[in-house]
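Any read-out appearing in this document is the output of simple, stated calculations on the displayed coordinates, not a laboratory observation. Fair warning: this is a prediction, and the values are worked out from it, not measured in the lab. Every residue, glycine as well, gets a Cβ built from its backbone with ideal geometry; the counts of neighbours run over all protein chains shown.
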Amino acid sequence: MTEHLPATMDVDAPVFTVTVAARLADMHPQTLRGYDRLGLVVPQRSRGRGRRYSLRDIAKLRHIQHLSQDEGINLEGIRRILDLEAQLDDAQQQVTHLLGLVAERATTPGARLFTAASTGQVHLGRTYRSRTPRALTSGR
């Protein structure tokens, strides 16, 4: 019977109606509509303009509920927290991307190494050379 189900589900697929999403998030459907109006969780729209929530949206709704009920944070505070979390996620993705680029450049023969000061000044280092020990390359 499960052979017709997908092996994994796309967490960003907008598949849940307001009623189903509200049940999954343990909230009232009007709360979800209010969060949509406030821009806290904006679901995608179906062709008939009905709201469709993804698993990621439901996780965000649960996070909002935790911040509100357990931590006592008001909606404006929650909005600020969500914005800061999104900025942090973006920064972490950028760091991961940059670390990959640095690792790629560090293994490229002839690549230049550099450092940057907090003032923005860039200091060129030496040209990258093979990391083979001298004993192996000098014949000793």
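Couple of notes before you dig in:
- The stretch 2-109: proportion of alpha-carbon pairs further apart than 23 angstrom, %: 44 percent
- 11 Å beta-carbon shell around Ala25, net charge (K/R +1, D/E -1): +1
- Taken one residue at a time, the phi angles of the stretch 55-62 give Karplus couplings (6.51, -1.76, 1.60, θ = phi - 60°) of 4, 5, 4, 5, 4, 5, 4, 5 Hz. Gly and Pro are set to x.
- Estimated FRET transfer efficiency when R0 is 30 angstrom, pair Gln121-Arg80 (beta carbons, to 0.05): 0.30
- Under the Karplus curve 6.51 cos²θ - 1.76 cosθ + 1.60, θ = phi - 60°, whole-Hz ³J(HN,Hα) for the stretch 88-99, x wherever Gly or Pro sits: 5, 4, 4, 5, 5, 5, 5, 4, 4, 4, 5, 4
- Less than 5 angstrom separates the built amide H of Tyr53 from those of Val15, Phe16, Thr17, all sequence-distant by 5 or more or on a different chain.
- Fully extending the segment from Arg37 to Thr8, taken as 0.36 nm per residue of separation minus the present Cα-Cα distance, adds 7.3 nm.
- Footprinting exposure proxy ranking of His123, His4, fewest other C-beta atoms within 10 angstrom first, gives His4, His123.
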